[in-house]
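Below is one structure, written out as structure tokens; comments come after it.
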Amino acid sequence: MKTILTVDSGICPILREDTIVIPAQIISSSMATYRDNGQEISNQEMLESGNRYRTSAPLLGDFEQTFRSLLESGVDVVHLSMSSGISEGSVNTSQLVADNCNEEYDNHVYVVDSLTGATGGTLLYELVYQQLLESDLSGKELCSALESLKKKIQTSFYVPDASGYVQSGRDRSSSHLVDHALSWSTRLANLTSLKFRVDFHENGDLYLKKIFRSSSKNGMLQMVKDIVNDQTIDHYESKLAVVGNLYPKYVDMEAVKSYLSQYFDQVLEREIGAVVAAYGCPDLSGLALVKK
């Protein structure tokens, strides 16, 4: 039985002809609603509009329509969801629809909580997409492969202005830091020249990993060099690294990719989507690696 991979838009997959994306919802302060499909609203529009935005999970009806149409074609479906740590609704809604569908069809929908998103989601998608191309995995086998792969993904974000991240309510720094003063310093983002490294925790939360001083132009490269260097490279698989940028202003992503190309066979770049733009800032950038 053939297996089809679907994702919600917070995964930010590399878009191909056979990529199936179920869009999250973007809601502005004026209550205008957009689907995160790359067409209804852009990162630039969101970041320059002066409006505030929030997000919600993909619509239940979109999950249902997508899953049922695929099941009726006789395939298994594996759905890769953005982390429950930042979008519990995305996982729960897709699982609810999957459970209902699985009672009606002989083939199945399997939902995987990625425990990551954005740049980390891109990397996880690429790894499992290649597995689908190279082998004839059943839905259950692909689900098992994803559960193993997701534990190896390390995702870090360069955040030059943490105010939107803090306002989003997704800052779980105090849960993962001994020094709570470090988490409080995210609230000083607009008062100082501090830059922030925010990571996905292994349980899918986002938390402040490090604070450092840097110019806006050099901050992403500085963070990348701190993570990947001659002393640390043995901690990572060398085949693939993924980088992303929300909306480039000062950061030189070509310099970042050039530096990483010394250590990795392939460096992919994928724009970070509007789900992050709702709470982000220009030059927010991501780096995702596979841990050994």
### Query
Which numbered condition trips up Leu132, out of (1) of a type outside the set (Phe, Trp, Tyr); (2) modelled with pLDDT of 95 or more; (3) more than 15 Å from the chain's Cα centre (by Cα)?
(2)
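Which residues, counting only those in segment 250-292, are within 17 Å of the chain's Cα centre (by Cα), β-branched (Val, Ile, Thr) and over 30 Å from Ser28 (Cβ atoms)? Working first, answer last.
Our first condition is that a residue be within 17 Å of the chain's Cα centre (by Cα); within segment 250-292, this holds for 267-291.
Now drop any that are not β-branched (Val, Ile, Thr), which leaves 267, 272, 275-276, 290.
Selection gives Val267, Val290.
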### Summary
Checked Asp76, Asp18, Asp36, Asp8 against criteria (acidic (Asp, Glu) and farther than 25 Å from Val243 by Cβ); the one match is Asp76
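So, Ser135, is that one under 21 Å from Leu15 (Cβ atoms) and either assigned by TED's automatic domain parsing to the domain that holds Tyr53 or touching a strand residue (DSSP E or B) at 6+ places or on another chain (Cβ under 9 Å) (or both) or not? Steps first, please.
Numbers: under 21 Å from Leu15 (Cβ atoms): no; either assigned by TED's automatic domain parsing to the domain that holds Tyr53 or touching a strand residue (DSSP E or B) at 6+ places or on another chain (Cβ under 9 Å) (or both): yes.
For Ser135, the condition - under 21 Å from Leu15 (Cβ atoms) and either assigned by TED's automatic domain parsing to the domain that holds Tyr53 or touching a strand residue (DSSP E or B) at 6+ places or on another chain (Cβ under 9 Å) (or both) - is not met.
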### Query
Of these, Leu188, Leu194, which one is modelled with pLDDT of 75 or more, within 25 Å of Arg52 (Cβ to Cβ) and surrounded by fewer than 20 Cβ atoms within 10 Å (Cβ to Cβ)?
Leu194
### Task
Out of the residues in segment 214-241 that are crowded, with 18+ Cβ neighbours inside 10 Å and among the small types (Gly, Ala, Ser), state the one that is nearest to Val198 (Cα to Cα).
Gly219
### Task
Determine whether Met253 is outside the structural domain of Tyr125 (by TED's automatic domain parsing), in contact with a Ser or Thr (Cβ under 6 Å, 6 or more places away or on another chain) and surrounded by 16 or more Cβ atoms within 10 Å (Cβ to Cβ).
no
#### Entry: Qualifying positions in segment 8-34 - within 20 Å of Ser83 (Cβ to Cβ), part of a strand (DSSP E or B) and either in contact with a Leu (Cβ under 6 Å, 6 or more places away or on another chain) or not hydrophobic (A, V, I, L, M, F, W, C) (or both)
Asp8, Gln25
### Query
For Val267, are the conditions met, namely being buried (at least 22 other Cβ atoms within 10 Å of the Cβ) and outside any loop (DSSP other than H, G, I, E, B)?
no
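Looking only at residues in segment 32-77 that are among the basic types (Lys, Arg) and over 25 Å from Tyr129 (Cα atoms), which one is nearest to the chain's Cα centre (by Cα)?
The first filter runs over segment 32-77 and keeps only residues among the basic types (Lys, Arg), leaving 35, 52, 54, 68.
Of the ones still in play, those that are also over 25 Å from Tyr129 (Cα atoms) are 52, 54.
Numbers: Arg52: 21, Arg54: 16 Å.
Residue satisfying both the conditions and the ranking: Arg54.
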### Task
Taking the options Tyr105, Tyr110, name whichever one is of a type in the set (Ser, Thr, Tyr) and within 12 Å of Leu5 (Cα to Cα).
Tyr110
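Residue-by-condition table, conditions (1) farther than 30 Å from Asp226 by Cα; (2) modelled with pLDDT of 95 or more; (3) polar (S, T, N, Q):
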position	(1), (2), (3)
Val78	yes, yes, no
Ser83	no, yes, yes
Val91	yes, yes, no
Val97	yes, yes, no
Gly117	no, yes, no
Thr122	no, yes, yes
Ser156	no, yes, yes
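The values are calculated or read from the model by the stated rules, or taken from the named source; none is laboratory data. Since the model is a prediction, treat every value here as computed from it, not as a measurement. Please note: Cβ atoms are built from the backbone with ideal geometry, for glycine as well, and neighbour counts cover all protein chains shown.
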